[in-house]
Amino acid sequence: MENEILDARIFYYSLFSKFFVFSYESDRFEGVKEALNLLLNYAIDEKSAISLKNLAENFDEELLITEYDDIFHSPPSPVRTTVSYYNEGYESSLSCLEIKKILAKTKFRKDGVKFIENEDNFGFLFVLMSEFIKFGKSEDENYLEYAKEIFTKFLNPFIDEFIGAIYIHKSSNYYKDVVNLLMSFVGLERIFYGTSKLILHKEIKVKNNLSRSEKIRREVNKLKRSRGSRDGF
């Protein structure tokens, strides 16, 4: 049973890495549709079942590439993709350095050709989680501790704001279901690691004395009400 849980976690992290790692490779989304169809039979909850159905039925690689670029790369307001930004408000901060230190303890190194983003990019962290869990299961249990450190220190505190920013982005359509699925999975990971969603007290203020995360949360709720959404934020 324990191995089955680890295998499922590896599978999910690998899938999310496909959605969030930028690549120029023509096969960047290879296997995604098949993975979605497989997961349809093992949905985490009702919300993720709906999202999986939408994702599988509407999968279109060219449209997915376009939406990715519109959300994460197009001005004037691309969604930032690094822990550093959500933690300290700018790129390549202490968070990135801390993740590099974790990597230095391991046999893994970032391939600068394959992964052009920083080490604290959420997509790259999904890759690390998949690889650390896989290697920890089969070769060295210390890697399971590295995975735990990545999740508890870097993913858990900031993933909700990242997800919310994607959800409210004006170009987000297909990716709304991607982040709904991600939110359900993060909930399971929090149970697995015995942690919970963190309330950050030192949040970056953006307007009217609201923190950036609170501003996003309010916009998400407003959008959900307008859509009659059942999404779980």
* To do: Express the relative contact order of the chain as a whole percentage, based on alpha carbon pairs under 8 Å and six or more residues apart in sequence.
  => 25
* Could the peptides 77-84, 102-109, 31-38 be put in order, highest first, of the mean number of other beta-carbon atoms found within 10 Å of their residues? -> 77-84, 31-38, 102-109
* Structure fact -> With x for Gly and Pro, the residue-by-residue ³J(HN,Hα) of the stretch 122-129, computed from phi through the Karplus equation 6.51 cos²θ - 1.76 cosθ + 1.60 at θ = phi - 60° and given in whole Hz, is 4, x, 5, 5, 5, 4, 4, 4
* To do: Would you mind computing, in nm to one decimal, how far apart the modelled labels at Leu94 and Thr106 are, each placed 7 Å from Cα along Cα→Cβ?
  => 2.2
* Once Lys and Arg get +1 and Asp and Glu get -1 on their Cβ, which of Leu63, Phe126, Met183 lies farthest toward the positive end of the dipole of the stretch 2-227? -> Met183
* Among Tyr90, Tyr143, Tyr12, residue whose mean-square fluctuation peaks in a GNM of the chain (springs only between Cα atoms under 10 Å) -> Tyr90
* To do: Could you tell me which of the pairs Lys110/Lys153; Lys101/Lys153; Lys47/Lys100; Lys33/Lys148; Lys114/Lys137; Lys18/Lys134 are separated by over 23 angstrom between their Cα atoms in the structure shown?
  => Lys47/Lys100; Lys33/Lys148; Lys114/Lys137
* Asked: Under unit Cβ charges (Lys, Arg +1; Asp, Glu -1), what dipole magnitude, rounded to 20 debye, does the stretch 2-227 have relative to its Cα centre?
  -> 1100
* To do: Pull out a ≥ b ≥ c, the square roots of the eigenvalues of the alpha-carbon gyration tensor of the stretch 1-126, then state rounded if a/c is under 1.5, prolate if not and a/b is larger than b/c, and oblate in the remaining case.
  => oblate
* Tell me, in nm to one decimal, what length is gained between Met1 and Leu198 on full extension, where the rule is 0.36 nm per residue of separation less the Cα-Cα distance? -> 68.0 nm
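No lab work stands behind these numbers, since they all come straight from the coordinates. Note that the structure is predicted; figures quoted are calculated from it, not measured. Virtual Cβ from ideal backbone geometry, glycine too; neighbours counted across all protein chains shown.
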